Ligand code: HAM
């Protein structure tokens, strides 16, 4: 086969039908658990003013400094740097909360979103430039019970997807912004006189965002960090108490966690609770999801001070976990009936049968071409059809049709008018893929 002229851009993937089944399955689990817990769905634009991400996530974080996809247009007056594709949902959802005066709504406001995010990262396994997140945000109140309940909902989603057992939930409390400021100062002081032992990149980080030295991959930095002050020494008593209460509530809910006082997370907006779901084997390298409390964020974006807590799961990494665990996403794309025909009048006649079967909820393919009945049968087999209806010129004249059970390899001639009810009977009413308008309204957030 010759090489295709065009391929997906680096770090992006086509979601082929096989994987869509997993995406759909995850979305269903998320929607179900979110609705049970009172969340409502929100969609924000895929791009926003770059400023929102700089202020929210932090100007000197990896995401903003290195990974933002800038978008612009030759047709607009705005500069190329003015907009960026969203690298996550939280900042956008908070922007929307402010813009639409959601502070007037009963608090907390619980919102969830599902969709693509973009980070211009160096692509590697589990790390893509376009990936998908589901995101849950609880905005308006600060209470350990909300942190614990949010974590519990996430646990339920992972349990529904049958991967909770292969994940560990890492939990920490990063204190208040003041605690972090004091800690950052202590880190800076610690490194006075040691800067020249740091690799160049980390020397820069020491100035811009010293917390990032903590998860530096550089060996020299790691050696120095071992004796550096740790964040837990700077956490105030209220935060410690907050953390204890979160854990108490998690225990009450029977939620498993592992305390990890090294966990800081790569976004600037967090305070108090932070948590991540790790693969038991690979640990923090490719976290399956993460979140935490972000009480300062809405004010940073220009709103009234309003606390929040949230979480985002990475769908590609979750799908990987599901496949590792041998979890099959239900496949609803099977073909029930293939309608083979020969001759113009048969072809015309079978169009109505195909349409009726589809309306009744039978997955039907047919009237595809002019090939012989034999090769259409082979095609039916390749499509995995359970039944084939065959309509040739003779059957048209006789007012009949041949019904073939593909697995049993048996066939019989029946009256043409009986074809549809007969197939429905064979498939079974409970297996028909039907929906009524009521369901359609309930499921309008299907995407
Ligand atoms: P995050 O830890 O940056 O948090 O991302 C959440 C999850 O998205 C990660 O754990 C990972 O599964 C997935 N993810 C991130 N980057 C990539 C990538 N390049 N390729 C594939 N998957 C990726 C947030 O985004 C926060 N907004 C979470 C949050 C919500 N905090 C409060 N509310």
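The values are calculated or read from the model by the stated rules, or taken from the named source; none is laboratory data. Remember, predicted model here, so these are calculated numbers, not experimental data. Please note: Cβ atoms are built from the backbone with ideal geometry, for glycine as well, and neighbour counts cover all protein chains shown.
Things to note:
- Matching residues in the range 367-408 - criterion: being exposed (fewer than 13 other Cβ atoms within 10 Å of the Cβ) and closer than 18 Å to residue 427 by Cα: 381, 384, 407, 408
- Just one of the numbered conditions (1) in contact with a helix residue (DSSP H, G or I) (Cβ under 7 Å, 6 or more places away or on another chain); (2) surrounded by 14 or more Cβ atoms within 10 Å (Cβ to Cβ); (3) within 25 Å of residue 296 (Cβ to Cβ); (4) modelled with pLDDT of 90 or more is not true of residue 247: (1).
- One residue stands out among those in the range 323-340 that are farther than 30 Å from residue 117 by Cβ and at pLDDT 95 or above: the one that is surrounded by the fewest Cβ atoms within 10 Å (Cβ to Cβ), which is 335.
- Evaluation of residue 352 against (1) under 16 Å from residue 417 (Cα atoms); (2) touching a strand residue (DSSP E or B) at 6+ places or on another chain (Cβ under 9 Å); (3) surrounded by fewer than 16 Cβ atoms within 10 Å (Cβ to Cβ) (one fails), failing number: (2)
- Breaking point among (1) at pLDDT below 95; (2) more than 29 Å from residue 330 (Cα to Cα); (3) buried (at least 17 other Cβ atoms within 10 Å of the Cβ), for residue 416: (1)
- Helices (runs of 4 or more DSSP H) completely within the range 32-141 that count 1 or more residues being at pLDDT below 90: 50-57, 62-65
- None of 162, 180 is more than 14 Å from the ligand (Cβ to nearest atom) and assigned to a loop (DSSP other than H, G, I, E, B) except 162.
- Any hit, the range 188-196, residues being within 35 Å of the chain's Cα centre (by Cα), without any contact (Cβ under 8 Å) to a residue 40 or more places away in the chain and in a helix (DSSP H, G or I): no
- Complete set of residues in the range 1-31 that are in contact (Cβ under 8 Å) with a residue 40 or more places away in the chain, surrounded by 10 or more Cβ atoms within 10 Å (Cβ to Cβ) and part of a helix (DSSP H, G or I): 19, 21, 22, 23, 24, 25, 26, 27, 29, 30, 31
- Note on the range 271-283: among residues that are more than 21 Å from the chain's Cα centre (by Cα) and under 19 Å from residue 154 (Cα atoms), the one that is farthest from the ligand (Cβ to nearest atom) is 272.
- Count of residues meeting criterion [in a strand (DSSP E or B) and free of Cβ contacts under 8 Å to residues at least 24 places away in the same chain] in the range 330-371: 0
- Residue count for the range 304-322 satisfying the condition of being surrounded by fewer than 18 Cβ atoms within 10 Å (Cβ to Cβ) and touching a residue at least 60 places away in the same chain (Cβ under 8 Å): 1.
- All positions within the range 118-140 that are closer than 12 Å to residue 317 by Cβ, near the ligand (Cβ under 7 Å from one of its atoms) and surrounded by 19 or more Cβ atoms within 10 Å (Cβ to Cβ): 128, 131, 133
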